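Comments concern the structure below.
The values are calculated or read from the model by the stated rules, or taken from the named source; none is laboratory data. These figures come from a predicted structure and were not determined experimentally. Please note: Cβ atoms are built from the backbone with ideal geometry, for glycine as well, and neighbour counts cover all protein chains shown.
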Amino acid sequence: MKKLFVFISVLAIASMLLTACGGTAATPTIEPTAVAQPPTEVPTIEPTQVPTKAPTTEPTAAETPTLTIWVDSLFADITQEIANGFAEEYGVNVVVQPMAFGDVRDQFLTSAPAGEGPDIVEAAHDWVGALAEAGVVAPVDLGDRIDEFATPAIQAFTYNGQLYGVPHITENVALFRNADLVEVAPATWDELVDICEDLEATGLEYCLLLQQSDAYHFYPILTSFGGYLFGLDDQGNYNPDDLGIDNEGGIAAAVWLDQMVKDGHIAADIDFDTAKSLFNEGKAAFYITGPWNLPAFQEAGVNYAISPVPAGTEAARPFMGARGLMINAFSTQPALAQAFLTELWATPGAMQQFYESTRKTPALLAVLNEIDDPDVLALGEAGKYAEPMPSIPEMASFWSSMGDAITIILQQRADPTETFKNAAEQMRTAISGQ
């Protein structure tokens, strides 16, 4: 409770100082057409003003600060379990609210400026750019401990040179194969095609499962032929004016996809649920997917194996995604939120506990380096050349333009070269209008 007593005392003194300087400040009005910005300065309290002795009476329940955290429903129970230790040590309430992950970003963008959002939100790293530009997330200071995390995970939560979150997991896609059908993983696309032809000759209908409208899962194919999304400037930042969708490698990937459909190795009209069902039922040899499907495969009893996405003219580079906790810039408990992230969440104990519950690849090196789970290790090998998914706002144009292009090719509705050129032009037009 001592940490809470000091925390409350500091707040009380700050309140008295503000009152003495002119009474209660008016609540700022947030115009509908503008996003309110968080305070840029925090009132300074001189060291001589901090009580040298904590109060001897405990705060009432009404006075106890509450920290609210929005978390993906999949992680809610373990987050609350970890948070209980922080709540006890600091003498505060920590409320973990389960959320449908697909709804979090939009709800947070609207609720945070209105003072109705959580103090901390669990987020995907590719939200960072949009959230930072909107002014709804606050920087996080890890100090020297930043080196205790995997570098790509830290890069993923860094925007314009500023860290905006504490990453807890990383993930990437890989090539999953039915080991009953395919004993040895193909290292190249040519090897995979040879396997497909042999299996299809015996009656296998589905060789490689690729989800329609899914630019995320197609990206390692794009890069395996030399395509890319955004180039980098001299400072290593993404350059949205440099697109590699319709370069020589990007067009080669489009032509490859078109030929795979024509040869019957990839089927059209395959969505997420269909792909998962086909693989679970042993009806497909290969599936490009990620760790989120492991529980379903294990429950179905699939004899699966994991390997890197095959190479084309070069090694495939899938997107690396990172998930982590970010602080609401409008939180009424900013110091407490910062303490939660740095004093609890970014520690080996908490991250080990989170890993043991989720079996997701941890971002903290102390935990990552001790893993012996074969699936996690195989996914890590498949992500050896993974690229952090860009978090710049221009990323939004990629999903729709490329998703549509992939679907058009899968459904054989247009020439693959023209389709990818059109997708790139759509992206350039969208980016120039931002």
Problem set entry | Evaluation of Thr332 against (1) more than 21 Å from Gln162 (Cβ to Cβ); (2) part of a helix (DSSP H, G or I) (one fails), failing number | (2)
Exercise. Inside segment 342-434, counting only helices (runs of 4 or more DSSP H) that do not spill past its ends, which hold 1 or more residues that are crowded, with 19+ Cβ neighbours inside 10 Å and more than 21 Å from the chain's Cα centre (by Cα)?
Worked result: 396-410, 416-432
Exercise. All but one of (1) within 19 Å of Phe286 (Cβ to Cβ); (2) of a type outside the set (A, V, I, L, M); (3) at pLDDT below 95 hold for Glu183; which doesn't?
Worked result: (3)
Exercise. For segment 214-235, how many residues are within 20 Å of the chain's Cα centre (by Cα) and over 27 Å from Ala268 (Cα atoms)?
Worked result: 1
Exercise. Do we have Ala363 as of a type in the set (A, V, I, L, M), touching a residue at least 24 places away in the same chain (Cβ under 8 Å) and out of contact with any helix residue (DSSP H, G or I) (no Cβ under 9 Å at 6 or more places or on another chain) here?
Worked result: no
Problem set entry | Qualifying residue in segment 136-153 (condition: assigned to a loop (DSSP other than H, G, I, E, B) and farther than 30 Å from Glu387 by Cβ) | no
Exercise. Out of curiosity, is Leu131 over 24 Å from Phe319 (Cα atoms), in the same structural domain as Val376 (by TED's automatic domain parsing) and either in a helix (DSSP H, G or I) or within 20 Å of the chain's Cα centre (by Cα) (or both)?
Worked result: no
Exercise. Given the structure, is Val136 touching a residue at least 40 places away in the same chain (Cβ under 8 Å) and crowded, with 22+ Cβ neighbours inside 10 Å?
Worked result: yes
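Conditions (1) assigned by TED's automatic domain parsing to the domain that holds Phe218; (2) touching a strand residue (DSSP E or B) at 6+ places or on another chain (Cβ under 6 Å); (3) touching a residue at least 24 places away in the same chain (Cβ under 8 Å), marked per residue:
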{"position": "Phe279", "(1), (2), (3)": "yes, yes, yes"}
{"position": "Pro291", "(1), (2), (3)": "yes, yes, yes"}
{"position": "Phe297", "(1), (2), (3)": "yes, yes, yes"}
{"position": "Gly301", "(1), (2), (3)": "yes, no, no"}
{"position": "Ile306", "(1), (2), (3)": "yes, yes, yes"}
{"position": "Thr313", "(1), (2), (3)": "yes, no, yes"}
Problem set entry | Members of segment 271-290 found to be under 24 Å from the mean Cα position of the chain (by Cα) and either among the basic types (Lys, Arg) or crowded, with 20+ Cβ neighbours inside 10 Å (or both), listed by number | Ala275, Lys276, Tyr287, Ile288, Thr289, Gly290
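Out of Pro65, Pro59, Pro98, I need the residue that is farther than 27 Å from Ala322 by Cβ, surrounded by 11 or more Cβ atoms within 10 Å (Cβ to Cβ) and either at pLDDT 90 or above or assigned by TED's automatic domain parsing to the domain that holds Glu356 (or both). Which one?
Working: Pro59 fails: either at pLDDT 90 or above or assigned by TED's automatic domain parsing to the domain that holds Glu356 (or both); Pro98 fails: farther than 27 Å from Ala322 by Cβ.
The match here is Pro65.
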